[in-house]
Amino acid sequence: MGNIFSGSEIVEMAVEIEKNGRDFYNKVSESLKDENIGRIFKYLAGQEEKHVKVFKNMLSTVKKYEPSEAYTDEYFSYMKALSEEHVFTKKNKGKVIADTVKDGRKAVELGLGFERDSILFYHEMKNFVLESEHNIINGLIKEEQMHLKKLSLLRRRCYA
């Protein structure tokens, strides 16, 4: 059994995750009347757009890199399972999920879940990119952690 993903495929998944996050936050910010959520979700959408650009820039260096032979088929299977569970790796899924959101509480809970999933995915993604790219991914992870904190604070303020 060969490798399921190359490093560039992992980064392409990250691009899709960020695009879907952007679309989710934008659509929810426009559809809900809650100004607190709207303002925070607009900010988060802008952050996700910046992340799309970072990952696209990363693709040029990652395409030339293949992970070492030390990665077993089981690990690639794990990444496949992780990416399949992450709903935001599927094209246009952010908009589809946003259409199901009818209230702020659900929007915030979904956002929290997506941010947690992204952090986990990006931690694992570091095994598939050049070590020189780890600092970029670490920076993105920190930003996703800040998104998680913002959403958690919003949940405590509005829905405690």
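The values are calculated or read from the model by the stated rules, or taken from the named source; none is laboratory data. Not measured: the values here are computed from a predicted model. Positions of Cβ are backbone-derived with ideal geometry, glycine not excepted, and every protein chain shown enters the neighbour counts.
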### Task
Can you run down the residue pairs with Cβ atoms below 6 Å, 6 or more apart or on separate chains, where the first is in the stretch 4-20 and within 11 Å of T89 (Cα to Cα) and crowded, with 21+ Cβ neighbours inside 10 Å and the partner is charged (D, E, K, R) and at pLDDT 75 or above?
E18/E48; N20/K93
### Query
Taking the stretch 7-49 only, how many residues are assigned to a helix (DSSP H, G or I), of a type in the set (A, V, I, L, M, F, W, C) and more than 16 Å from the chain's Cα centre (by Cα)?
3
### Query
Does the stretch 68-78 contain any residue that is buried (at least 21 other Cβ atoms within 10 Å of the Cβ), in a helix (DSSP H, G or I) and either modelled with pLDDT of 90 or more or not aromatic (F, W, Y) (or both)?
no
### Task
Would you mind telling me which numbered condition in (1) in contact (Cβ under 8 Å) with a residue 24 or more places away in the chain; (2) touching a Phe, Trp or Tyr at 6+ places or on another chain (Cβ under 7 Å); (3) β-branched (V, I, T) I119 fails?
(2)
#### Entry: Number of the exception - R157 against (1) more than 13 Å from the chain's Cα centre (by Cα); (2) buried (at least 20 other Cβ atoms within 10 Å of the Cβ)
(2)
### Task
Say whether the condition of being surrounded by fewer than 16 Cβ atoms within 10 Å (Cβ to Cβ), under 15 Å from the mean Cα position of the chain (by Cα) and modelled with pLDDT under 70 is met by at least one residue in the stretch 81-94.
yes
### Task
Please enumerate the residues belonging to the stretch 116-133 that are of a type in the set (G, A, S) and over 11 Å from T61 (Cα atoms).
S118
